[in-house]
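Peer 1: Below is a structure I'd like to ask you about.
The values are calculated or read from the model by the stated rules, or taken from the named source; none is laboratory data. Because the structure is a prediction, the values reported are computed rather than measured. When we count neighbours, we look across all protein chains shown, and the Cβ atoms used for this are built from the backbone with ideal geometry, even at glycine.
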Amino acid sequence: RNLPDHACPLIHSDQGWQYQLPYYTQRLANHHFVQSMSRKGHCLDNAPVESFFHILKTELLDGLPLFEDITAFQMMVQDYIHFFNYERVSLKTKGMTPVEYQNHAMTA
């Protein structure tokens, strides 16, 4: 999905060491992403991301056996992310999918 030219994508993470490595931060910068990290002691900064992963784990992975094939796991997660963005409605988004809600917000 293409973003408008003036868009400035934001990637949010905690302060894990892997998110502070120079090659990671440089790659984000090369692709014009703004990096946002939770401040120490302010874990609520991470709430939207944590909420998504909780939903993914409870709706998709709960009760499934461990995967032996990483490719099958990746495809399942990719399918779920597509479902989450384009088909799954939520009361938080006024009964719209996340993509519909984003489009609605951008035209308002």
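Peer 1: Working carefully through the options 16, 95, find the one that is at pLDDT 90 or above and either in contact with a Gly (Cβ under 7 Å, 6 or more places away or on another chain) or among the small types (Gly, Ala, Ser) (or both). Don't jump to the end; show me each part of the working.
Peer 2: Working: 16 fails: at pLDDT 90 or above.
95 is the lone residue from the list that is at pLDDT 90 or above and either in contact with a Gly (Cβ under 7 Å, 6 or more places away or on another chain) or among the small types (Gly, Ala, Ser) (or both).
Peer 1: Pairs please, first residue from segment 46-74 and within 25 Å of residue 97 (Cβ to Cβ), second anywhere and modelled with pLDDT under 85 and of a type in the set (Ser, Thr, Tyr), Cβ atoms under 8 Å, 6+ apart in sequence or on different chains.
Peer 2: Short answer, once both residue conditions are applied: 46/13; 46/38; 49/13.
Peer 1: With out of contact with any Ser or Thr (no Cβ under 6 Å at 6 or more places or on another chain), at pLDDT below 90 and surrounded by 13 or more Cβ atoms within 10 Å (Cβ to Cβ) as the only criterion, which of 90, 38, 51 stands out?
Peer 2: Selected residue: 38, the only one of 90, 38, 51 that is out of contact with any Ser or Thr (no Cβ under 6 Å at 6 or more places or on another chain), at pLDDT below 90 and surrounded by 13 or more Cβ atoms within 10 Å (Cβ to Cβ).
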